[in-house]
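Okay, so here's the structure we're looking at.
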Amino acid sequence: MKKLLSFATAATITGTLFAGAASAATTLETVKQRGHLQCGVTTGLPGFSQPDDKGNWTGLDVDTCRAVAAAIFGDGSKVQFTPLTAKERFTALQSGEIDVLARNTTWTLTRDASLGLNFTGTNYYDGQGFLVNKNIGVDDAKQLGGATVCIQAGTTTELNLADYFRTQGMDFKPIVFNTSEQTVQGFASGRCDVLTSDRSQLAALRSKLEDPESTVILPNTISKEPLGPVVRQGDDQWFNIVKWTLFTQINAEELGITQENLADMKKSTNPEIQRLLGTDGDMGEKLGLPADYGYQIVEDVGNYGEMYNRNVGPGTPLDLERGLNALWTNGGIMYAPPVR
């Protein structure tokens, strides 16, 4: 018969385990000590995360990271970017190489439940589509039987593509590349008839072609692709910080708080605005952030609509209408819990 541990011995072991856990620095503490946020992004995708020739990064995902840095430091520039391929992205986050992954990454059950990671929300609602040359005379994805298709490795795109063609009773030949840049180059050189990816990514890649107007994105959308930032499991405070940074931007747009009117809004007597901007309540304290974290986010990066329009909206090279990404009050599904 196995000898049972005494209560005192069990308590000692339990206390030691808790002490060890408590001694490990939280992600927020690590980021503060380092002096900047480390954010994983794409190797280059216009509108989402793209460096210029001087190494300055811009895009919707880039701004998502800058908003987190603004919430922590009051300075959205305190972030460094790690470019990652689709195959590298999850390992980089799991290993601690980055603090947050914001890399047009689709939220799925498998990724959420088996990788030790948590998705913190959706910063872009998307769906998979198809880009083709106009001269092949195809106007519907159901006409793509037997096509060669350029796809990027390590993405949901591969499985969605196989599911769609099998459901339609069609064959296809995949041509797989490691990066989105290689994928669009393969399409441009004629190695494949079709380029498939999230529709937003197709718009971004299409803008890189020598003659974008010679191509068309087919009307078919074959999947749901909720894209958003990801963190490691096991640090609830950090999970809440990244999650509520995005929620704060969405709520700011709903409340009409913009970079332009921010100073006036700070004087508002509306309790919702006061809580979001930190002039009343203890919302920042609950997250382990400064009281005015919401003010800092909007001042540095803007509300969600400003971030969207600046990077991918009408008038940008991607020229994407808000669609599903409009606020729930404007016909979309972009919705955040209240700051209360």
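The values are calculated or read from the model by the stated rules, or taken from the named source; none is laboratory data. A quick note: this is a predicted structure, and the numbers were derived from the prediction, not measured. A quick note on method: Cβ atoms are made from the backbone with ideal geometry, for glycine too, and the neighbour counts reach across all protein chains shown. Calculation scope for accessible area: heavy atoms of the full protein, side chains included, ligands and nucleic acids excluded. Shrake-Rupley method; radii C 1.70, N 1.55, O 1.52, S 1.80 Å.
Within the range 128-137, the set of residues being touching a strand residue (DSSP E or B) at 6+ places or on another chain (Cβ under 8 Å) and surrounded by fewer than 18 Cβ atoms within 10 Å (Cβ to Cβ) comprises just one member, LYS134. Screening the range 85-105 for residues that are outside any helix (DSSP H, G or I), of a type outside the set (Val, Ile, Thr) and open to solvent by less than 10 Å² (accessible area, probe 1.4 Å) and picking the one that is modelled with the lowest pLDDT gives ALA86.
Taking the condition of being part of a helix (DSSP H, G or I) and buried (at least 24 other Cβ atoms within 10 Å of the Cβ), how many residues in the range 297-306 meet it? Quick ask: steps written out before the conclusion?
Filtering the range 297-306 down to residues part of a helix (DSSP H, G or I) leaves 297-300, 304-306.
Still in the list and also buried (at least 24 other Cβ atoms within 10 Å of the Cβ): 297-298, 304.
The number of residues fulfilling the criteria is 3.
It is to be established whether one or more residues within the range 264-272 are of a type outside the set (A, V, I, L, M, F, W, C) and touching a Phe, Trp or Tyr at 6+ places or on another chain (Cβ under 6 Å). The answer is no, given that none of the residues of the range 264-272 is of a type outside the set (A, V, I, L, M, F, W, C) and touching a Phe, Trp or Tyr at 6+ places or on another chain (Cβ under 6 Å). Considering only the range 266-275, I want to know if a residue exists there that is within 22 Å of GLY76 (Cβ to Cβ) and among the hydroxyl-bearing types (Ser, Thr, Tyr). No: zero hits.
Given the residues PRO290, PRO317, which is the only one that is in a loop (DSSP other than H, G, I, E, B) and more than 27 Å from ASN104 (Cα to Cα)? Let's see the steps before the verdict.
On the way: PRO317 fails: more than 27 Å from ASN104 (Cα to Cα).
Checking each option against the conditions leaves just PRO290.
Considering only residues that are among the hydrophobic types (A, V, I, L, M, F, W, C) and under 16 Å from LEU255 (Cβ atoms), which ones fall in the range 302-316? Steps first, please.
Of the residues in the range 302-316, the ones among the hydrophobic types (A, V, I, L, M, F, W, C) are 307, 312.
Within the range 302-316, just MET307 meets the criteria.
Just to verify a result, which residue in the range 52-69, among those that are part of a loop (DSSP other than H, G, I, E, B) and under 22 Å from GLY228 (Cα atoms), is least open to solvent (accessible area, probe 1.4 Å)? Among those that are part of a loop (DSSP other than H, G, I, E, B) and under 22 Å from GLY228 (Cα atoms), it is GLY59.
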